[in-house]
Amino acid sequence: MTEHKVKLPPGMPSKMKGLKRDEVGRPIPFFVGYPDGKPDFRTMDGTRLREAIMGDLCWVCGQRLLRSQGGLVGTFVAGPMCLINCTSAEPPAHGDCAEWCAKACPFLVNPNKVRRETGLEGKLEEAAGIAIARNPGVTALIESQKWVTWRPDGGGVLFNIQRIRSVEFFAQGERATVKDVMESIETGLPLLHDMAEEEGRDAVYDLRKKVRTAIRWVPDWDVALNTGDYPLTAATVDP
């Protein structure tokens with residue numbers, strides 16, 4: 001039996017309890033790759049990615065996603081910028097698996113933690129699309145009933161989230177405050193603006209529409225904008 005050497009948050013979903021554990025007792029998610037024969041939480045297994053897509057499997061526990069009257073239901077674990085773009089480089093998970101990860105993953109819990117890629121040269125399964133190289137400090141759990149996959153020019157697979165049912169935000173393993181979410185959006189928007197401006201005026205206009213749609217998932221977003229603390233976001237959502 002593996003000796004637990006790390007403190008895990010309570011409430012681990014029963015679906016995750018059957019996962020293998022690493023040497024310090026952490027459950028090894030379904031997606032994790034084994035580049036040197038050992039699990040590396042920074043990597044994803046390309047075969048598992050295909051299995052998740054084809055079999056409608058939870059990205060965390062590997063079991064089938066659930067269905068409701070409206071169809072398949074999955075929760076994407078992403079940053080606020082992915083919510084704005086309605087795009088994820090990873091498949092969805094069960095809602096409870098996604099929430100537990102938002103409370104347990106060191107990268108998601110610690111806003112100062114930087115993603116390490118040392119030792120992954122030639123071993124890393126590259127995520128599709130253009131990654132925003134920052135820790136957003138806030139995790140958005142985006143529950144959706146419809147998503148489609150598509151292949152960007154650079155190869156790989158991305159997920160377009162089309163029918164969002166709810167969004168919950170977490171920061172440092174707890175429910176995020178409005179301030180947490182707004183600061184993450186405010187500091188992330190310049191990166192999206194730069195990319196949109198490179199594409200041209202239509203892309204900038206499209207980004208403004210996306211921000212106006214996404215920000216409505218943030219509780220009391222309109223009250224927050226009235227404080228004057230988020231000038232770039234306010235200018236972006238201003239018609």
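General remarks:
- Condition met for GLU168 (within 29 Å of MET54 (Cβ to Cβ), in contact with a Gly (Cβ under 7 Å, 6 or more places away or on another chain) and at pLDDT 95 or above): no
- Residue within segment 27-39 that is over 30 Å from ALA196 (Cβ atoms) and charged (D, E, K, R) present: yes
- Output for segment 50-93, where each listed residue is of a type in the set (A, V, I, L, M, F, W, C) and either without any contact (Cβ under 8 Å) to a residue 12 or more places away in the chain or surrounded by fewer than 16 Cβ atoms within 10 Å (Cβ to Cβ) (or both): ILE53, MET54, LEU66, LEU72
- 2 or more residues among the basic types (Lys, Arg) and in contact (Cβ under 8 Å) with a residue 12 or more places away in the chain: qualifying helices (runs of 4 or more DSSP H) within segment 150-239: 201-214
- Residue, farthest from SER166 (Cα to Cα), within segment 176-203, restricted to residues that are surrounded by 17 or more Cβ atoms within 10 Å (Cβ to Cβ) and among the aliphatic types (A, V, I, L, M): ALA196
- Test result for ASP56, charged (D, E, K, R), at pLDDT 95 or above and in contact with a Lys or Arg (Cβ under 8 Å, 6 or more places away or on another chain): yes
- Considering residues of segment 36-49 that are more than 19 Å from the chain's Cα centre (by Cα) and surrounded by fewer than 17 Cβ atoms within 10 Å (Cβ to Cβ) only, the residue modelled with the highest pLDDT: THR47
The values are calculated or read from the model by the stated rules, or taken from the named source; none is laboratory data. Owing to the predicted nature of the structure, the values given are computational and were not obtained by experimental measurement. Glycine also receives a Cβ, built like all others from the backbone with ideal geometry; neighbour counts cover every protein chain displayed.
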